[in-house]
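The values are calculated or read from the model by the stated rules, or taken from the named source; none is laboratory data. Predicted model, so just to flag it, every value in this text is computed and none were measured. Here the Cβ positions follow ideal geometry from the backbone for every residue, glycine too, while neighbour counts run over all protein chains shown.
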């Protein structure tokens, strides 16, 4: 397996927006960021403090209710990390980094590891093997839900992975690609964060044993063990039952309508088509983006019940017919009456064409600049001829008013990475 991927770029279909509209939607606000982030943190603290109070009072029924509410809130910390590592919540960059590390610590989510994976997910959504963060099909069941969402019997895996990363051990076909041995910058960030998180959680555990307050690590370190029922129902609607190897976010992502409270806890990721289509739009503006492109979207389930009925039906059909693919109906006149077989053939043709391009492409040498928001990469050796930027154009020579062609962020939001030479990675 090679370290550097070929310069393959998926030509995603995006709804057209006027430049001034996109610029307005991309605008970040420290005030709105503080309302979302501060509000979420406040709810998390209130449920934790309430749980601690009832524990002190030995009112075990109210303690159990408060603790379950605390687990319900903290399970969404990964969604907080997700938004903050995109760098879109606050206008001030260090605030995004600070709260990403805070919520990552609470939820045992390494923000560096998450971003290295998630950037690829945005560039190659449901196009394996370039996106292995989400792979389909994934079958959900009542047993899987109960053992993961109410009392998570698998939560110890989070600590195993954190310990393994703290030792610099990366395994599998995905970890060894997104955190390669060289260059060492990525690996160092993941390892150092994992070690610091483990140390702080160990201090909490030792202090709780010494003081006799066993409830402290239950409220901080082991929150992944309980209460993820709502997170499970929300998060797995994003891509479940949809189709791989298709270049239209409307067909491989799912937007659903949720009530304001759930939407707030979920960091507005119910607008998932919109988020993938324009990743630079802050989560608190996605509802505006939805209104702007709603006329081009497929039917959006109203609530979790309708969404999961749809997913259950797709799973039922796929178990009976492994070749079945669910393709949402689109409202555009040229596609709404297109036969199912024709559209499936189009999907397979797109996949075959992409594989052929990938086999012929060569990874370019030189510097690259990666968008911190959506993962788009500018290769200096390739340039962007379609935008009038010739091959070999240095990043410094690109005009300051240039914007990312995928998500519309300004040049200032990019950061540089060095392309290393191709090398073979150890087999997992």
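Yes or no, residue by residue, for (1) in contact (Cβ under 8 Å) with a residue 12 or more places away in the chain; (2) under 21 Å from residue 374 (Cβ atoms):
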| residue | (1), (2) |
| --- | --- |
| 127 | yes, yes |
| 130 | yes, yes |
| 133 | yes, yes |
| 143 | no, no |
| 149 | yes, no |
| 166 | yes, no |
| 169 | no, no |
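Just one residue in the set 272, 276 is out of contact with any helix residue (DSSP H, G or I) (no Cβ under 8 Å at 6 or more places or on another chain) and under 21 Å from residue 307 (Cα atoms); that residue is 272.
Does residue 297 meet the test of being in contact (Cβ under 8 Å) with a residue 12 or more places away in the chain and over 30 Å from residue 47 (Cβ atoms)?
Numbers: in contact (Cβ under 8 Å) with a residue 12 or more places away in the chain: yes; over 30 Å from residue 47 (Cβ atoms): yes.
So residue 297 passes the test.
Of the numbered criteria (1) touching a strand residue (DSSP E or B) at 6+ places or on another chain (Cβ under 6 Å); (2) at pLDDT below 90, the one residue 337 fails is (1).
For residue 329, the conditions (1) in a loop (DSSP other than H, G, I, E, B); (2) free of Cβ contacts under 8 Å to residues at least 24 places away in the same chain are fulfilled apart from (2).
For segment 90-147, the helices (runs of 4 or more DSSP H) that sit wholly inside it and include 2 or more residues that are crowded, with 16+ Cβ neighbours inside 10 Å, in contact with a helix residue (DSSP H, G or I) (Cβ under 7 Å, 6 or more places away or on another chain) and modelled with pLDDT of 90 or more are 93-107, 111-123. Here residue 375 qualifies as surrounded by 15 or more Cβ atoms within 10 Å (Cβ to Cβ), in a loop (DSSP other than H, G, I, E, B) and either on the phi > 0 side of the Ramachandran plot or at pLDDT below 75 (or both). Taking segment 39-86 as the range and being under 28 Å from residue 278 (Cβ atoms) and out of contact with any helix residue (DSSP H, G or I) (no Cβ under 9 Å at 6 or more places or on another chain) as the test, no residue passes. Could you please let me know if residue 81 is in a helix (DSSP H, G or I) and either buried (at least 23 other Cβ atoms within 10 Å of the Cβ) or modelled with pLDDT under 95 (or both)? Spelling it out, residue 81 is indeed in a helix (DSSP H, G or I) and either buried (at least 23 other Cβ atoms within 10 Å of the Cβ) or modelled with pLDDT under 95 (or both). Based on this model, can you work out whether residue 225 counts as closer than 30 Å to residue 58 by Cα and in contact (Cβ under 8 Å) with a residue 40 or more places away in the chain? Judged against the criteria, residue 225 is a match. Of all residues in segment 50-58, at least one satisfies being outside any helix (DSSP H, G or I) and under 16 Å from residue 214 (Cα atoms).
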